[in-house]
Amino acid sequence: MAILEIKNLHKRFGNNEVLKGIDLTLEKGNVLVIIGSSGGGKTTLLRCINFLEKPDKGTISVNGKTVFDSDDPSTTVYKNIRKNRLHFGLVFQQFNLFPHYSVLNNIMLAPKLALKAEMKEYKKQNGASAAKAEKARRLKAIEENAKNLLEQVGLSEKAAAYPFELSGGQQQRVAIARALALEPDILCFDEPTSALDPELVGEVLRVLKELAKSGKTMIVVTHEMRFAKEVADRVIFVNEGTIAEDGTPEQVFDNPQKERTKQFLQSIL
Amino acid sequence: MMSFSQQFPIVLNALNVGFLQTLKLFIVTLLGALPLGLIISFGSMSKFKPLSKLVKTIVWIIRGSPLMIQLIIVFYMPGIVFGNPIWGGGETGRFAAAAVAFIINYACYFSEIYRGGIEGVPYGQQEAGEVLGLTKSQIFFKIKLLQVIKRIVPPMSNEIITLVKDTSLARIIALQEVIWAGESFLKGSHGIAGQIWPLFFTAVYYLLFNGLLTILFGKLEKKLDYYRG
Ligand SMILES: Nc1ncnc2c1ncn2[C@@H]1O[C@H](COP(=O)(O)OP(=O)(O)OP(=O)(O)O)[C@@H](O)[C@H]1O
Ligand SMILES: [Mg+2]
């Protein structure tokens with residue numbers, strides 16, 4: 001079964017129809033790279049998947065379970081969105097780290113808040129003292145995990161630093177660790193390196209490559225063609241709100257079927 | 001004729017009493033205007049256009065006209081225009097009227113500061129919180145609040161120091177604050193008359209108090225200086 005299945009996704013802003021019926025399935029462990037010219041709808045697609053935009057039409061399912069259905073109002077209630085969106089993680093172009101928390105606390109914030117909510121239930125069922133012990137144990141696990149993630153992105157020594165003390169590349173790696181801390185099924189990246197100085201792009205792409213190798217399911221909007229060729233299992237070319245080309249990196253880059261794809265590939269080389 | 005050293009303790013006593021009233025007005029204004037300003041700022045940021053337009057218009061009127069006139073209107077209007085002098089003539093009534101005018105006026109100023117602080121937090125912060133599955137209140141309290149506070153402390157401290165000085169405007173409705181107390185020695189009070197120095201001396205009270213506030217706000221700003229952005 002596909003890990004992600006998007007059917008007939010439509011999104012318009014006013015009179016501007018930005019997504020015109022996107023159909024997309026993704027297998028577990030695959031890396032999907034999305035390319036496309038500016039304004040084509042790549043960001044909008046990722047934002048719809050992450051519930052930052054509400055599609056006008058269509059469905060999104062994860063592991064066969066519908067998480068969004070334009071005909072089912074219950075999937076647009078914030079409370080349900082909050083649960084369903086945790087299938088996904090999103091790494092922003094501009095990092096969006098929380099400036100007032102240290103690196104480690106940026107990573108631990110969401111897991112800690114989730115734990116707090118969970119422990120309320122636990123306390124009701126198991127009593128206060130059991131809950132206290134359990135909470136301490138789980139907090140330790142959260143911190144342990146956050147430190148492991150920091151190591152994974154090569155920033156162990158920056159745990160206590162604040163975001164303003166980091167370079168863009170380091171900030172983006174923290175943002176990746178922060179997203180990973182919630183163990184999303186699918187991790188999405190919207191041009192994760194395009195706000196970075198060229199010499200910092202490599203360190204972020206290296207982290208992405210390792211994630212891909214470890215079997216993480218990923219959707220990456222990027223114009224880094226070498227990265228795409230090396231890492232992608234699949235590439236789609238999004239043009240004017242539709243998927244114009246869909247295939248392996250070799251198919252899309254070396255043997256594009258559509259004239260529009262050829263033009264685009266020429267323009268970015 | 002009393003010597004200066006005889007006058008001084010008498011004047012100081014009277015000024016202390018006046019300054020207590022000044023301080024009271026200052027504190028009551030803050031207690032009222034800080035929360036009311038937040039409510040007004042939510043109104044002015046409302047997505048419901050008629051509400052935000054209305055609130056913005058009111059804020060514009062209050063900020064655009066002199067506080068002194070607002071004081072006079074609040075104090076005299078009920079009695080003179082509506083024939084219903086709700087405030088009464090005594091000091092308590094004057095204080096209540098002054099407090100109402102000050103709270104409304106300063107709430108409008110504060111609301112603009114709050115709005116600037118809230119709108120100044122990048123929208124990416126909200127979205128980063130959302131994709132991490134945070135509730136709306138968690139996003140407000142855990143992500144935005146401190147960033148808003150950091151943004152509003154400098155303009156707030158300016159406004160609050162202005163408020164200390166503005167309390168003297170309540171003199172216009174004869175509230176017996178520190179300026180009123182200083183002025184009374186011109187006409188004659190406590191057996192002292194024709195003396196201008198007590199009025200000048202009131203400035204010392206303002207200076208000392210504002211000096212204290214400046215130090216406190218400086219400390220707060222420093223505390224929030226541990227991060228940038
Ligand atoms: N919130 C919004 N309100 C109105 N229009 C929007 C909004 N967000 C995006 N659009 C429009 O939708 C279209 C697609 O934008 P989108 O950001 O998805 O493109 P993109 O493929 O990510 O482009 P880029 O490569 O420049 O990032 C654009 O025409 C854009 O102006
Ligand atoms: Mg984009």
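The values are calculated or read from the model by the stated rules, or taken from the named source; none is laboratory data. Predicted, not measured: the structure shown is a model, and the values here were computed from it. Every residue, glycine as well, gets a Cβ built from its backbone with ideal geometry; the counts of neighbours run over all protein chains shown. All accessible areas refer to the heavy atoms of the entire protein, side chains included, with ligands and DNA or RNA removed. Shrake-Rupley method; radii C 1.70, N 1.55, O 1.52, S 1.80 Å.
What to note about this one:
- Output for segment A:112-121, where each listed residue is more than 9 Å from chain B (Cβ to nearest Cβ) and open to solvent by less than 20 Å² (accessible area, probe 1.4 Å): A:Leu115, A:Met119
- Residue ranges of helices (runs of 4 or more DSSP H) in segment B:106-202 with at least 2 members away from chain A (no Cβ under 11 Å) and crowded, with 17+ Cβ neighbours inside 10 Å: B:145-166, B:178-187
- Restricting attention to segment A:48-103 and to residues that are at positive phi and under 17 Å from the mean Cα position of the chain (by Cα), the residue that is most open to solvent (accessible area, probe 1.4 Å) turns out to be A:Asn63.
- Per the conditions (1) open to solvent by less than 50 Å² (accessible area, probe 1.4 Å); (2) over 28 Å from B:Leu208 (Cα atoms), the sole criterion not satisfied by B:Ile72 is (1).
- Scanning segment A:47-83 for residues that are away from ligand 2 (no atom under 16 Å from the Cβ) and of a type in the set (S, T, N, Q) gives A:Thr59, A:Ser61, A:Asn63, A:Thr66, A:Ser70, A:Ser74, A:Thr75, A:Thr76, A:Asn80.
- Every residue from segment A:158-198 that is within 16 Å of ligand 2 (Cβ to nearest atom) and either within 12 Å of chain B (Cβ to nearest Cβ) or not aliphatic (A, V, I, L, M) (or both): A:Gln172, A:Cys188, A:Phe189, A:Asp190, A:Glu191, A:Pro192, A:Thr193, A:Ser194, A:Ala195
- From the options A:Leu155, A:Leu90, A:Leu97, residue that is of a type in the set (A, V, I, L, M, F, W, C) and more than 14 Å from chain B (Cβ to nearest Cβ): A:Leu155
- Residue satisfying all of: in segment A:199-221; away from every other protein chain (no Cβ under 14 Å) and touching a strand residue (DSSP E or B) at 6+ places or on another chain (Cβ under 8 Å); nearest to ligand 1 (Cβ to nearest atom) among these: A:Val221
- Of everything in segment A:176-198 that is more than 30 Å from A:Met1 (Cβ to Cβ) and within 16 Å of ligand 1 (Cβ to nearest atom), the residue that is most open to solvent (accessible area, probe 1.4 Å) is A:Ser194.
- Only one entry in A:Ala130, A:Ala136, A:Ala161, A:Ala146 is outside any loop (DSSP other than H, G, I, E, B) and open to solvent by less than 30 Å² (accessible area, probe 1.4 Å), namely A:Ala146.
- Of the residues screened, B:Ile152 is one that is out of contact with any strand residue (DSSP E or B) (no Cβ under 7 Å at 6 or more places or on another chain), at pLDDT 95 or above and closer than 30 Å to A:Gln172 by Cα.
- Of all residues in segment A:208-253 being assigned to a loop (DSSP other than H, G, I, E, B), touching a residue at least 40 places away in the same chain (Cβ under 8 Å) and not charged (D, E, K, R), the one that is farthest from ligand 2 (Cβ to nearest atom): A:Gly215
- The number of residues in segment A:16-53 that are away from chain B (no Cβ under 14 Å) and either more than 13 Å from ligand 1 (Cβ to nearest atom) or assigned to a loop (DSSP other than H, G, I, E, B) (or both) comes to 18.
- A count restricted to segment A:96-126 and to residues that are within 15 Å of B:Gln125 (Cβ to Cβ) and among the hydroxyl-bearing types (Ser, Thr, Tyr) stands at 1.
- Residues of segment A:28-38 that are over 15 Å from A:Pro184 (Cα atoms) and more than 8 Å from ligand 2 (Cβ to nearest atom): A:Leu32, A:Val33, A:Ile34, A:Ile35, A:Gly36, A:Ser37.
- Residues that are away from ligand 1 (no atom under 15 Å from the Cβ) and within 14 Å of chain B (Cβ to nearest Cβ), drawn from segment A:54-66: none
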